[in-house]
Amino acid sequence: MITDNLLKNRNFSWFDVEEPRSEDFDTLSTKFNLPYLLVQDTLRPEHLPKYESSDDGHFIMMRSFDSDSQEDSTTVQELTRKIALFITPDRILSIHRVQLDYLRKISDKSAKGEEPKSLQALIHQIVLAIIRTYEDPIYKLQTVYDDFETDVLSKRCEQLDLTKIYIFRRQVFVIKRILKQTNDSLYRSRDLWEEYPSMLQDLKENIDQLYFQLDEISDNFEHLFQLHFALNDERANQVMKVLTVFSSVLLPLNFIASFYGMNFDYLPGLHSYSGLGWVILSMALTSIVTILIFRKNGWFKGPRQYE
């Protein structure tokens, strides 16, 4: 569906195309004099953000976050929606397959008389709205990380959900990749912003801020993952320590019992009425000495607490 000029401004116009069919692209290519190969690029669902320029104008392919995506989505196509912008000195044409709320909000503001003063101002509003669609998912990723951190540091679980970890890391990777590609595309489009460098700088600063937040989440998660393994290793060490203490205490007793269990008639104290008492006493003393040695070396202290 091709929407006519969404602006009342006579200096430039904005045409929006939603849910285009294959036959519509031939009409678009003819009506708006668009390069055929660039029009074909808009049909490819896997296309990442890019920028191209020609004698007729500029072409920007971007991806916004899809608010309707599932929580277990892990691919670019599942997490984002593509939008193509064809820009000439007096016109901007936006093409997308589904309704995008941020475009509707910009259009509504223009209908109320809050129109952008220049074509670059309109592009700035659209691109900035695309970038800000990633704010909520990044906040949700931060919340997921906080849950991981609580589980690890409170020692509520010895094993984390591997599926949840995979989804988390994939989503962080995909969003970082899209933001980086968007930033690179904006850098290559600096000729478009030659008269408005502050607008380009504002867009880059917004992307950098989101990218740094994701980078921090990613780094913190890697450190948390290493801490999780370290805590599990310490739990295993505590178990081995308990087994070692029991084995060390019981080993001398087992030796004494085995010694007097041999089939010989001549063993020290075998035929003595006090022999049993001496054997029991030696066993008790051996156990007490062994326990005191372990206690002196601090083996009976609890595990170190992490706060």
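The values are calculated or read from the model by the stated rules, or taken from the named source; none is laboratory data. If you're wondering where the values come from, they're calculated on a predicted model, not measured in any experiment. Here the Cβ is made from the backbone with ideal geometry for all residues, glycine too, and neighbour counts use every protein chain on show. Surface accessibility is based on the protein's heavy atoms, side chains included, excluding ligands, DNA and RNA. Shrake-Rupley method; radii C 1.70, N 1.55, O 1.52, S 1.80 Å.
Listing for the model above:
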quantity	calculated
Given (1) without any contact (Cβ under 8 Å) to a residue 24 or more places away in the chain; (2) open to solvent by less than 80 Å² (accessible area, probe 1.4 Å); (3) within 25 Å of Val172 (Cβ to Cβ), index of the condition Arg44 fails	(2)
Tally of residues being in a helix (DSSP H, G or I) and either modelled with pLDDT of 70 or more or in contact with an Asp or Glu (Cβ under 8 Å, 6 or more places away or on another chain) (or both) across segment 27-36	5
Qualifying residue in segment 55-64 (condition: in a helix (DSSP H, G or I) and farther than 24 Å from Asp215 by Cα)	no
Residue identified as assigned to a helix (DSSP H, G or I), open to solvent by less than 90 Å² (accessible area, probe 1.4 Å) and at pLDDT 80 or above among Leu281, Leu253	Leu281
Lone unmet requirement of (1) open to solvent by less than 50 Å² (accessible area, probe 1.4 Å); (2) modelled with pLDDT of 75 or more; (3) closer than 23 Å to Ser154 by Cα; (4) not polar (S, T, N, Q) for Glu234	(2)
Filter result for Gln77 (at pLDDT 85 or above, in a helix (DSSP H, G or I) and open to solvent by 80 Å² or more (accessible area, probe 1.4 Å))	yes
Verdict on Phe212 being closer than 23 Å to Asp146 by Cα and at pLDDT 80 or above	yes
Count - residues of segment 70-97 that are within 16 Å of the chain's Cα centre (by Cα), farther than 16 Å from Lys50 by Cβ and not aliphatic (A, V, I, L, M)	7
Condition met for Leu267 (of a type outside the set (Val, Ile, Thr), open to solvent by less than 100 Å² (accessible area, probe 1.4 Å) and modelled with pLDDT of 75 or more)	no
Test: residue in segment 137-146 that is of a type in the set (S, T, N, Q) and over 23 Å from Tyr51 (Cβ atoms)	yes
So Phe15, is it farther than 22 Å from Val127 by Cα, modelled with pLDDT under 90, among the aromatic types (Phe, Trp, Tyr) and surrounded by 18 or more Cβ atoms within 10 Å (Cβ to Cβ)	no
